[in-house]
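In what follows, a structure is listed as structure tokens, so that the remarks can point back to it.
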């Protein structure tokens with residue numbers, strides 16, 4: 001006699017597990033890429049904020065043009081003042097060097 005079984009068959013369980021595995025294999029690289037893009041965007045946003053703060057401080061306070069490094073959220077931001085052209089305008093660049101965790105970023109602005 002056959003009894004009524006209200007549970008899952010082994011085949012249904014294997015099909016559902018393989019479907020979840022296929023979905024995770026498809027979505028995992030997308031999630032990793034999204035995390036890398038958001039990290040790069042966060043670094044560029046912070047570098048831009050530091051650059052504008054440096055330009056504003058130079059205009060208001062008249063600080064000297066000196067290169068230095070700021071460490072924020074365990075990321076080193078290098079502030080570099082350059083004189084790229086003959087008009088005498090100074091340019092400030094905020095750079096983050098590439099390492100195993102963070103991508104390279106470079107944001108520059110001209111002091112007018």
Nearest 10 degrees is fine. How inclined is helix 10-61 to the longest principal axis of the chain, computing both from alpha carbons? 10 degrees
Its Cα gyration tensor gives the chain an equivalent ellipsoid whose semi-axes in whole Å, largest first, are 57, 12, 10
What does the highest-first list of 60-69, 91-100 look like by mean Cβ count within 10 Å? 91-100, 60-69
Can you put 71, 78, 6 in order, fewest other beta carbons within 10 Å first? 6, 71, 78
In nm, what is the difference between 0.36 nm times the number of residues separating residue 82 and residue 100 and their Cα-Cα distance? 3.7 nm
Go ahead and estimate [θ] at 222 nm for the chain from helices alone: -39,500 (n - 2.57) per DSSP H run with n ≥ 4, summed, over the residue count, rounded to 500. -17500 deg cm²/dmol
The chain: most fluctuating residue of 41, 55, 14 per GNM, C-alpha cutoff 10 Å: 14
So if R0 is 41 Å, what FRET efficiency would residue 63 and residue 31 give, r being the distance between their Cβ atoms, rounded to the nearest 0.05? 0.45
Determine the relative contact order of the chain: mean sequence separation of Cα pairs under 8 Å and six or more apart, normalised by residue count, in whole percent. 20 percent
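Bear in mind these aren't lab numbers, they're just calculated from the coordinates by the rules spelled out. Just so it is clear, the structure is predicted and the values come from calculations on it, not from any experiment. A quick note on method: Cβ atoms are made from the backbone with ideal geometry, for glycine too, and the neighbour counts reach across all protein chains shown.
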